[in-house]
Amino acid sequence: MDLTAGLMGLMFAISNSLLYPVVIVLLGLVAWTLISSGQFISEYASRNRDLGRLKSGCKDARKSLESGKFIEASSILLHCGSNDLLKRFIRELSEVIKGSKVVERGELSCEAEKLIQDYEIAVSDELMHARMVTRIGPMLGLMGTLIPLGPALMGLSSGNIHDLAANLMIAFSTTVLGLLVAGVAYCILLVKTKWYLQDLSDMEYIVEVLKGEDESKAIASS
């Protein structure tokens, strides 16, 4: 009996000791949500996808590449980008073109595919934070809800209404914060996933046009 009481007391103590770390992490996630929302709005305002310019620029760059004019092809590509991610990709692809010194499409294809794979990993890393918050936010909110219920019930049993009200206030507040950060992160995740899939599609289109492949299978409209 003493062993059971000791184990129950140990679990209760561990549970209560987790309350402040949970609250601190939730407040940190709220700060992350505010910062991410600002970055999201800024990125939304800067996105300006010009499909016509992308198509014509890629065709001109391919002609210059076939003529061995690597510098000219790179310069044309640099003016095709619209979004920041696509601009960075084109800048690095231009360096690959200028550094290749040959017009062998096999070499260009290998380097370009590797570059696209690197950007896919970078996009996955960028979305990982929002994906984690959508999972962790509700978990921490639930923990912050359940942990104070023990002291609240003890306060209720002893007739201490003040402790009951204080613990219930903490429980409800953590629930709201957990759902808030998860909801905002989920919205950001959905929209950014669409954006980056579109950018990756444009990257593949650029590479396929430079390799001289059929454009009909390259690009999806927004």
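For the reader, a short list of remarks on this structure follows.
- A Cα-only calculation for the range 102-195 places Rg and Dmax at 23.6, 84 Å.
- From the C-alpha gyration tensor of the range 141-182, square roots of 5λ in Å: 22, 9, 4
- Fraction of accessible area attributable to carbon and sulfur, the range 108-154 (%, probe 1.4 Å): 70
- Working note: Karplus 6.51/-1.76/1.60 with θ = phi - 60° gives the range 11-23 the couplings 4, 5, 5, 5, 4, 5, 5, 7, 4, 5, x, 5, 5 Hz, where Gly and Pro are set to x.
The values are calculated or read from the model by the stated rules, or taken from the named source; none is laboratory data. Computed from a predicted model, the values in this text were never measured in an experiment. Note: areas computed on protein heavy atoms with side chains; ligands, DNA, RNA excluded. Shrake-Rupley method; radii C 1.70, N 1.55, O 1.52, S 1.80 Å.
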